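Enquirer: Input: one structure, supplied below.
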Amino acid sequence: QVQLVESGGGLTQPGGSLRLSCAASGTIFSFNAMGWYRQAPGKQRELVATITRSGITNYADSVKGRFTISGDPAKNTVSLQMNSLKPEDTAVYYCNCNVRLTPRRSPVDYWGQGTQVTVSA
């Protein structure tokens with residue numbers, strides 16, 4: 001079993017910055033990717049940013065140029081630096097990892113419990 005522990009988040013004003021961090025623990029054979037998703041009230045969960053084991057990143061168009069994802073495969077951690085935050089960034093942010101628990105098993109997704117980010121004046 002894999003557990004994801006998130007930290008960071010909170011309340012900030014428009015134009016402010018926040019940093020989210022996530023650490024994975026458990027018996028993991030290998031990571032395929034880690035990332036962040038978010039869900040605003042009344043909306044579906046959406047991708048924010050992901051990073052693969054080889055360091056390839058992918059961002060939602062709405063956060064490009066403002067958010068930066070980084071990961072440390074050796075420590076099983078991933079962070080999301082969020083700058084120039086907007087009210088529309090308000091959501092619950094979820095950490096995700098796609099991992100193999102053993103060499104023969106198919107990759108599996110795990111999710112954190114979520115952390116609230118609120119951007120408001």
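Enquirer: Take Val108, Val5 and sort them by solvent-accessible surface of the protein heavy atoms, 1.4 Å probe, largest at the top.
Expert: The ranking, largest first, comes out as Val5, Val108.
Enquirer: If DNA, RNA and ligands are ignored and the probe is 1.4 Å, what is the ranking of Trp111, Trp36 by accessible area, most exposed first?
Expert: Trp111, Trp36
Enquirer: Same structure, new question: Once you list every other residue whose beta carbon is under 9 Å from the beta carbon of Ser30, what net charge do they have if Lys and Arg are +1 and Asp and Glu are -1?
Expert: My count for the surroundings of Ser30 gives +2.
Enquirer: What does the accessible area of Ser70 come to, in Å² to the nearest 10, when a probe of 1.4 Å is used?
Expert: Ignoring ligands and nucleic acids, Ser70 comes out at about 50 Å².
Enquirer: Restricting the count to DSSP beta bridges whose residues both fall in the chain, what percent are antiparallel, rounded to a multiple of 5?
Expert: Of all bridge pairs located within the chain, approximately 95 percent are antiparallel.
Enquirer: Just report the Cα centroid separation between the range 1-19 and the range 44-91, whole Å.
Expert: Between the Cα centre of the range 1-19 and that of the range 44-91, the gap is 11 Å.
Enquirer: When the Karplus curve 6.51 cos²θ - 1.76 cosθ + 1.60 is applied with θ = phi - 60°, which whole-Hz ³J(HN,Hα) does each residue of the range 63-70 get, with x for Gly and Pro?
Expert: Using θ = phi - 60°, the values come out as 10, 4, x, 10, 10, 9, 9, 9 Hz.
Enquirer: Take the alpha carbon gyration tensor of the range 52-121, find the square roots of its eigenvalues, order them as a ≥ b ≥ c, and report rounded if a/c is under 1.5; if not, report prolate when a/b exceeds b/c, else oblate.
Expert: Verdict is prolate for the range 52-121.
Enquirer: Out of the total accessible area of the chain (probe 1.4 Å, heavy atoms of protein only), what percent is carbon and sulfur?
Expert: 47
The values are calculated or read from the model by the stated rules, or taken from the named source; none is laboratory data. Just so we're clear, the structure is a prediction, and the values are computed from it rather than from any experiment. Cβ atoms come from the backbone with ideal geometry, glycine included; neighbour counts cover every protein chain shown. Accessible surface is based on the protein model in full, side chains and every heavy atom, while ligands, DNA and RNA are left aside. Shrake-Rupley method; radii C 1.70, N 1.55, O 1.52, S 1.80 Å.
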